[in-house]
Amino acid sequence: MRWKRPVTVTAASPVRLCFRLEEPSEEAPPGKETWKVSYFLQPHSDRSLLVPLAELWKTKAAKREALKPLGPNPKEYVLLSLGQASVLSAPIAASLKGPAPTGFPCDTKAAHEFLTLTAPALEQAGFGVMLPAWWTRTGTKLRPVVRAHVASPQFTTSGGLSLDAIAEFQWEVSLGETRKSLKELTALAKLKAPLVQVRGQWVEVNAEAIASAVAYWKKKANEAASVREIIHMALGGQETHHGFAFGGIEATGWIKDLLEQLEGRTNYQEFSPPGALAARLRPYQLRGFSWLSFLRHWGLGACLADDMGLGKTMQTLALLLSLREGGEKKPSLLICPTSVVNNWVQEAAQFAPGLPVMVHHGLGRKKDATFQKTASGHALVITSYGLLQRDVSFFQKITWAGVILDEAQNIKNPETKQAKAARGIPADFRIALTGTPVENNVGDLWSIMEFLNPGFLGTQAEFRRRFFVPIQTGRDPEAPEKLKRLTGPFILRRVKTDKTVIADLPDKVERKERCHLTKEQASLYAAVLKDLEKTLAEAEGIKRKGIILATLSKLKQVCNHPAQFLGDNSAIADRSGKLSRLTEMLEEVVEAGDRALVFTQFKEMGDLLKTHLQETFGQELLFLHGGVTKNLRDKMVERFQSSAGAPPIFILSLKAGGTGLNLTNANHVFHYDRWWNPAVENQATDRAFRIGQHKNVLVHKFLCVGTLEDKIDAMIEQKQSLANAVVGTGEAWLTELSNAELKDLFALRKEALGA
């Protein structure tokens, strides 16, 4: 029963053993400090009483009045407890080699080990531990913070301010709020001490981080940088990999003013609109024009990301007019989708009638030297993305005042020849116009920023490591904020639903129109699923993705109409739940004297809709798709927008009619089949929901219940929070689902047929 003796003594003791870490004296020179861990006894009945073991070891100490609360046999308990504690700490074990142990001295490194390792272990074992008041489990560890002080260079030429001006740095490093000299930091680095005194208080530091900060300081001491590089550093573009933090830029003079304006700490100057502008800018448009002017003045690229319909075109035309009035002789190049070339020509003629505009399009367009000569005589040259790559050699021979990309999401893939061509055109300033700067994922942002401000987000690989992967996977909750801070000064985003931006635009009301399949549709749907089961199990890689995408397309066609899926020119009426519901709703629209846009992603379905709806309403309807020529497209838009005798329904393929068109005569928008990309669908809706619209816009999104359509709709609703964009491009993201997930997604549920 001897093994029970230590347990019995410990359990019955009225006291417990305590360890207290005591700081060195303030007079001790750096690196020579001596800390001490002292041993005490503490009665359970009075935790405020601490008795040093030195008192216990004194002769006849047991008879002393002060030690009575320790019980009749405290020495036995102390020896047993110290023996148990020695298992957890080598210094405690070493202190037991001498008689009457009262504690042990230690250096700063050992004190840090006691704080971080020994003390928690002792506490867990039931011993008392008393640590300095400044020590907490959080907040005591200081990282060296490196800052750069920049004085604005003087203007030595008539050229005035320039982002290419070279500025010199003065570097400093601080610990907490205390600035350290290079000499002090070098001394700390040599000590390799994990605890240092800052303003009389001991704090935990990373000795390696201090050494790295010293090395960084010495390396950068004689370096200089351009103001453009300073902006990049100030906005968080400077990465540190060695444990110290980069504390930003502290500037004086005009660099300070510029940084404060970019970061929104002070307002940039509001410019007066050009006198030749034949329009009155709304307050938010005046701010947008002033913002574009501010960034252009500094040669910084700007992404005007206003919602469709807020007037990006007018704000850009105001900038171009302002430049012309200010004496700018060089032309600017505008690149846009073919479908909106005429829209730019018309709006330039309406709002900037004095602006010389040249359209570079069609078989008769100017080439080589003739193009250069003709372009130089205009303020604005308009061309299309289709010609960007084909005629890039002409564009590169002119130094443009500016290059402007409308619907800039067209260069979201940086590896395309189109995107590379856009980046290779020389210009004094660059502007991207888009309602969706992040259409699919944050990777789109790199491509647009690389066009606007080359190198600002690093290489594609660096951006992927630092931002794309952490944001898409949710690994780093701070990554989105870091990216926003770095890109925010160059992206102006306003939305139509914000009443502080525009208070006189009608509301947009969205609703889901849930339809049921007919028995014929349900039968065809089941047949497609049966074919999928046979092929999917054995398919892998590219073949598997191809099978999934083909099945998605087939199931969507079945949900649209059996005749589209079968392609047999069979009868149309009464075979599709969707088409029946659309017809009913359009009857109400026409009867009320309203007009509607009907979007579908399939040309074949557009043909079916046009045939059926023309027969139903007894009048001609319009259908715009990719095969329609530019001239005919412009005539369709003009006819629909006219007030008298215009067809009440305009059918559009999503790709051909989803961007760039102004169709405000419609106040109903029907998405007959879903693209499953909120950004693309919203762009299409904005053909009607834009400035010039005076009615509330009703948006109807069709889907078949009990099918993949409502299942995918629910998935998108759950995942739409990421940059307010789609899960992936088109439907490609669905190919990454497992076979079990696909089976659940595609399954035909009993509610599909309704009652």
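Coordinate-derived values only; no laboratory data. Computed from a predicted structure; not experimentally measured. Note that we place each Cβ from the backbone using ideal geometry, even for glycine, and neighbour counts take in every protein chain shown.
Checking the Cα-Cα distances for LYS499/LYS655; LYS554/LYS655; LYS508/LYS556; LYS519/LYS603; LYS556/LYS630; LYS36/LYS58 against a 23 Å cut-off, the pairs over it are LYS499/LYS655; LYS508/LYS556; LYS519/LYS603; LYS556/LYS630. Take every pair of alpha-carbon atoms less than 8 Å apart whose residues are at least six positions apart; their mean separation over the length of segment 283-492 yields a relative contact order of 26 percent.
For the chain, what's the relative contact order in percent, using C-alpha pairs closer than 8 Å and at least 6 residues apart? List each step's numbers first, then the result.
Details: 1239 pairs, mean separation 69.8, N = 755.
Taking the mean separation of contacting Cα pairs over the length of the chain, I get 9 percent.
Among the GluC sites (Glu not before Pro) in segment 525-574, those located in a DSSP loop and surrounded by at most 12 other Cβ atoms within 10 Å of their own Cβ are GLU538, GLU540.
Under 1.5 on a/c is rounded, so check that first for segment 305-446, then, if it is not, pick prolate when a/b is larger than b/c and oblate when it is not; a ≥ b ≥ c are the square roots of the alpha carbon gyration tensor eigenvalues. Walk me through the numbers on the way to the answer.
On the way: a/c = 1.62, a/b = 1.17, b/c = 1.38.
Oblate is the answer for segment 305-446, as a/c is 1.5 or above yet b/c matches or exceeds a/b.
From the square roots a ≥ b ≥ c of the eigenvalues of the alpha-carbon gyration tensor of segment 508-753, which class results: rounded (a/c under 1.5), prolate (a/b over b/c), or oblate? Prolate is the answer for segment 508-753, as a/c is 1.5 or above and a/b outweighs b/c. Approximating the spin labels as points 7 Å out from Cα along Cα→Cβ, the ASP164-to-LEU182 distance works out to 3.1 nm. Return the distance in nm (one decimal) between the two label points of a simple spin-label model at GLU27 and TRP134, each offset 7 Å from Cα along Cα→Cβ. With each label placed 7 Å out from Cα toward Cβ, I get 2.0 nm.
For segment 446-456, just list the computed ³J(HN,Hα) in residue order, Karplus coefficients 6.51, -1.76 and 1.60, θ = phi - 60°, integers in Hz, with x standing in for Gly and Pro. Coupling constants for segment 446-456: 4, 5, 5, 5, 5, 5, 6, 9, x, x, 5 Hz.
If R0 is 41 Å, the Cβ-Cβ spacing of THR252 and LYS109 corresponds to a FRET efficiency of close to 0.50. Of the residues ILE448, LEU321, PHE394, the one whose Cα sits farthest towards the positive end of the charge dipole of the chain is ILE448 (charges of +1 on Lys and Arg Cβ, -1 on Asp and Glu Cβ, taken about the Cα centre).
Between ARG390 and GLN346, residue separation times 0.36 nm minus the direct Cα-Cα distance comes to 13.3 nm. In loop segments of segment 628-666 as defined by DSSP, there are no trypsin sites (Lys or Arg not before Pro) with at most 16 further C-beta atoms inside 10 Å of their C-beta. In this structure the amide hydrogen of VAL699, modeled in the peptide plane, comes within under 5 Å of the amide hydrogens of VAL509, GLU510, ARG511, VAL669, none closer than 5 places in sequence on its chain. Net charge around ARG639, counting only other residues with Cβ within less than 12 Å of its Cβ (Lys, Arg = +1; Asp, Glu = -1)? Net charge around ARG639: 0.
Which label belongs to the value computed from this structure, given these candidates for P(r) over Cα pairs in 10 Å bins from 0, in percent: [x] 2, 11, 16, 17, 14, 11, 10, 8, 6, 3, 1, 0; [y] 3, 13, 24, 28, 20, 9, 3, 0, 0; [z] 3, 13, 20, 23, 21, 13, 6, 2, 0, 0? The calculated read-out lines up with [x]. List the aspartates and glutamates whose alpha-carbon lies under 17 Å from that of LYS750, not counting same-chain residues fewer than 8 positions away? Reachable aspartates and glutamates: GLU520, GLU709, ASP710.
Say a paramagnetic label sat at a point 7 Å from the Cα of SER376, along Cα to Cβ; which residues of segment 304-324 have their backbone N under 20 Å from it? Label zone hits: 324. Rounded to whole numbers, the Karplus 3J(HN,Hα) couplings from phi for segment 18-31 are 10, 10, 10, 8, 10, 6, x, 5, 5, 7, 5, x, x, x Hz, using 6.51 cos²θ - 1.76 cosθ + 1.60 with θ = phi - 60°, and x at Gly and Pro.
Model label sites at ARG639 and GLN269, defined 7 Å from Cα along the beta-carbon direction, differ in position by 5.1 nm. Coupling constants for segment 377-383 follow from the phi torsions by the Karplus curve (6.51 cos²θ - 1.76 cosθ + 1.60, θ = phi - 60°), and in residue order they are x, 10, 8, 9, 10, 10, 9 Hz; glycine and proline get x. Treating r as the C-beta distance of GLU478 and GLU533 and R0 as 41 Å, the FRET efficiency rounds to 0.35.
Sparsely packed loop sites in segment 443-495 (the GluC sites (Glu not before Pro) outside DSSP H, G, I, E and B with at most 16 other Cβ atoms within 10 Å) comprise GLU478.
The gain in end-to-end length when the ALA646 to ARG423 segment is fully stretched comes to 76.1 nm, 0.36 nm per residue minus the alpha carbon separation. For LEU624, nonlocal amide neighbours, meaning residues 5 or more places apart or on other chains whose placed amide H falls under 5 Å from its own, are ILE651, LEU652, SER653. Annotation: amide H of VAL198 within the under-5 Å range of VAL203, sequence separation 5 or more or interchain, hydrogens built in the peptide plane.
Give the calculated FRET efficiency between GLU717 and ALA461 to the nearest 0.05, with a Förster radius of 30 Å applied to their Cβ-Cβ distance.
Values: r = 33 Å, r/R0 = 1.11.
Computed FRET efficiency for GLU717 and ALA461: 0.35.
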